[in-house]
1. Calculate the length of the line joining the C-alpha centroid of the range A:420-448 to that of the range A:453-512, in whole Å.
2. Can you list the residues, at least 5 places off or on another chain, whose amide H is less than 5 Å from the amide H of A:Gly415, using H built in the peptide plane?
3. For the range B:1-108, what does the alpha-carbon gyration tensor say about shape, rounded, prolate or oblate, given a ≥ b ≥ c as the root eigenvalues, a/c under 1.5 as rounded, and a/b over b/c as prolate?
4. Can you list the residues of the range A:198-224 with backbone N under 17 Å from a point 7 Å past the Cα of A:Ala191, pointing along Cα to Cβ?
5. Please list the three semi-axes, largest first and in whole Å, of the ellipsoid equivalent to the range B:53-162, using sqrt of 5 times the eigenvalues of its alpha carbon gyration tensor.
6. Please list the non-local residues whose amide H lies under 5 Å from the amide H of A:Val505, H modeled 1.01 Å from N, same-chain partners needing a gap of 5 or more.
7. Which of A:Lys148, A:Lys193 comes first, and how do the rest follow, when ranked by fewest Cβ neighbours within 10 Å?
8. Can you tell me the relative contact order of the range A:336-465? Whole percent, Cα pairs under 8 Å, sequence separation 6 or more.
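Coordinate-derived values only; no laboratory data. From a predicted model like this one, the values you see are computed outputs, not experimental measurements. Cβ atoms come from the backbone with ideal geometry, glycine included; neighbour counts cover every protein chain shown.
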Amino acid sequence: MSARALSPQRSPASNGPVRAPAGPASSAGPAISGRGAPSAQRGAEGSVGNAALAAELGSGAGPTFDDGTPIPQHRGPEVTAGFDPANRAARFEAGEKGALIGKGTDVLVRSGQTSRSRELGRVPDGTPCEVISSKGAAVQVRVRLNNKMVVGWVEAASFSVQPGMIKSDEDPALTADFPFAFFGGDHDPTAPKGTDTAQGALGDCFFIASMAAVANASPAAISEAITYDKATGKYTVRFYEEGRGGSMKPVYITVDAYLPTSGARNDPAFAGEPGQPLWPAIMEKAYAQWKGGYDVIGEGGVGDTAMAEISGVRSRSKNPASMKESEVIPYFEAAQKSGLAVYAGVRNTSQGAVQQPLTGGSGKYSGQLRQNHAWSEVEPGTLRVTDGKGRVQPAYDEGEEGDKTGAMKGKDLSGGSIDYKGSRLDLQYRSGKQPESASDLSVQFEFHGMMDPAKVIIGNHGYAFERVVGKDQLQFYNPWGSYQPKPITAAEFLRYFDALSTNAVPKGKTSA
Amino acid sequence: MHPILTPLRVEPGADLPESLPADSAVLLLPGAHRGALFVEAALQVDGAGATLDAHGRGATVHAAGDEGLLRIVGLRLRGGRSELGACLRVDGDMGVEAEGCVIEAGLAGQGGDAVGALRGRLRLVGCQVLGELMLTGVAEAELVNCVVEGDLKLREGASLRLVGGAVRGTLDLRGTTTRAPTCTVEGTALAALRNDPRLPGLVMGVSATVPGA
């Protein structure tokens with residue numbers, strides 16, 4: 001039972017008035033002295049919306065947003081870094097993330113900063129790297145060369161600031177193989193829609209699903225947030241930063257069109273697919289640049305916040321567990337009618353069916369735990385084995401998140417292990433202690449992975465709500481762009497989802 | 001001046017009230033209570049000797065209102081499940097005060113398996129947090145004489161004041177390119193400190209112990 005203290009439940013339609021971008025909250029700009037980012041990156045502090053920003057900039061020249069205000073060209077590391085090559089190298093700071101851009105050719109890495117220094121080798125065009133130091137027209141970088149991380153010097157002109165890259169799963173000392181490549185064309189998203197999004201090899205489903213939800217609610221909110229500048233070939237994306245009390249401050253992030261790729265050079269590794277609109281990948285890149293890197297947003301996040309950062313309107317979160325089954329469909333119907341963006345997140349684990357998979361005897365038992373799907377794995381720390389006849393004490397695992405295998409513990413056990421990924425269980429009881437029969441041993445555990453194979457509901461994953469189907473089912477969109485879920489009932493929604501946020505996205509000037 | 005409240009008494013095992021008017025008070029009698037609280041307006045919950053267990057049905061206590069104060073005294077919170085802040089989640093602007101509470105770790109996919117806040121003003125006094133506490137967004141918090149057994153993570157523009165007590169895990173700060181979390185430490189024992197070198201937060205004050213940064 002949940003007590004919903006205290007006021008009447010908000011319907012999604014009562015999401016509150018759309019807040020115009022307000023000035024900075026008094027606490028929105030905590031002291032950031034000493035941080036690595038240049039002050040020019042800090043956004044439009046002191047401004048109130050685009051009009052104030054225009055006044056601050058004092059010039060109507062140059063590219064503008066759809067509302068006529070100029071794009072703040074002096075903000076954002078890309079633009080600043082590109083204007084004055086003489087100052088460029090001097091700006092690079094230790095730890096700066098980027099890529100080596102050879103414009104179609106490999107990039108030479110040397111042992112020292114001069115042209116006489118020994119050649120360490122050449123890395124492919126677009127290889128991610130990290131700045132160690134810089135001197136004159138040379139930059140010392142840490143870069144992957146022949147499958148080893150090396151430190152060497154490159155020409156400053158070949159270094160381009162890029163969002164930080166994710167680390168290799170196999171070896172955290174290596175960055176994963178996602179070389180950057182240039183993506184031309186598709187400069188102005190005219191009719192963005194949720195189905196344009198396709199999450200790639202980055203764990204930022206919360207952001208991709210939030211983009212999809214906002215695009216579904218208001219395509220103009222997306223198209224008006226992204227502006228392409230022909231002169232520089234770069235994009236500026238407008239996000240909003242929430243201050244205390246719900247104020248929203250615009251933040252402008254400028255990025256180029258080099259995107260991480262996997263396999264083919266025309267295949268974005270993260271958001272985007274070959275032939276799909278480019279805006280999700282550009283918006284994702286700008287978001288990564290803002291938040292500190294692809295690696296940072298790949299750690300996950302909250303849809304409530306991401307939708308607000310895209311739309312400029314504070315989201316409202318609800319606890320699905322506090323909803324009655326009878327409230328679910330009306331809630332989504334009201335959201336749909338009001339044109340709200342809706343993000344929903346699936347719980348990370350679910351209780352597996354009790355089963356008796358063990359065989360063996362004389363104190364040694366083993367078995368393969370049944371999973372509902374090939375993707376599903378035992379959640380560490382949740383496994384429990386009980387003897388229906390009570391001849392041996394319960395056994396349990398002491399694994400923690402991220403473990404691949406775990407030891408089995410229990411008063412009557414002398415050993416045992418669980419392979420979480422392979423779902424293989426082995427138990428060995430102490431001499432003189434054993435169940436009457438292997439079939440007396442029942443196994444319970446929680447699993448992560450595929451929550452419901454029939455409905456294609458994936459655990460620990462964010463979805464964008466699309467529509468109510470018929471009178472009693474909900475259709476969600478999987479930001480992967482594939483493995484789309486089947487329509488689900490209110491009961492299934494409550495069973496699987498543990499996050500729910502709505503956002504009253506402004507419809508924008510160009511919205512129908 | 002606080003109004004005089006006549007608390008609604010709830011026996012262990014009894015259903016929690018479906019909804020209550022603002023400024024209500026609830027007394028959870030000692031013992032095990034099953035359920036979760038979704039709070040949108042001012043409420044006082046007294047629960048010395050009582051445990052509130054959500055049994056995986058959402059955050060055990062979810063403060064979603066924008067006004068008023070949620071005050072929890074003496075309660076043990078457990079069994080929560082939420083994307084952020086399994087046993088105590090704050091995502092409204094309201095104030096939340098917990099005194100003498102034990103907040104266990106539940107399941108939270110995006111951080112804060114015990115406590116998580118995106119917004120609001122959180123004040124914990126003499127509490128034990130048996131898991132991770134995560135503050136992000138624009139959450140403000142003050143922990144007075146509390147023990148946090150897990151990590152204490154500050155992200156985005158969150159701010160925290162630590163007074164006394166201890167953090168047994170890592171005090172971990174990371175901002176963005178436009179803002180930084182802040183933490184003031186007044187005599188708190190810190191086991192470890194991690195301040196992201198690229199996007200650092202601001203840590204001020206004096207720790208009772210000096211961890212390696």
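1. Between the Cα centres of the range A:420-448 and the range A:453-512 lies a distance of 38 Å.
2. A:Gln428
3. Oblate shape, in that a/c is at least 1.5 and b/c is the bigger or equal ratio.
4. It comes to A:215-224, nothing else.
5. Its equivalent ellipsoid spans semi-axes of 17, 15, 14 Å.
6. A:Ala341
7. Exposure proxy ranking, most exposed first: A:Lys148, A:Lys193.
8. Working: 316 pairs, mean separation 48.6, N = 130.
With pairs under 8 Å counted, the relative contact order is 37 percent.
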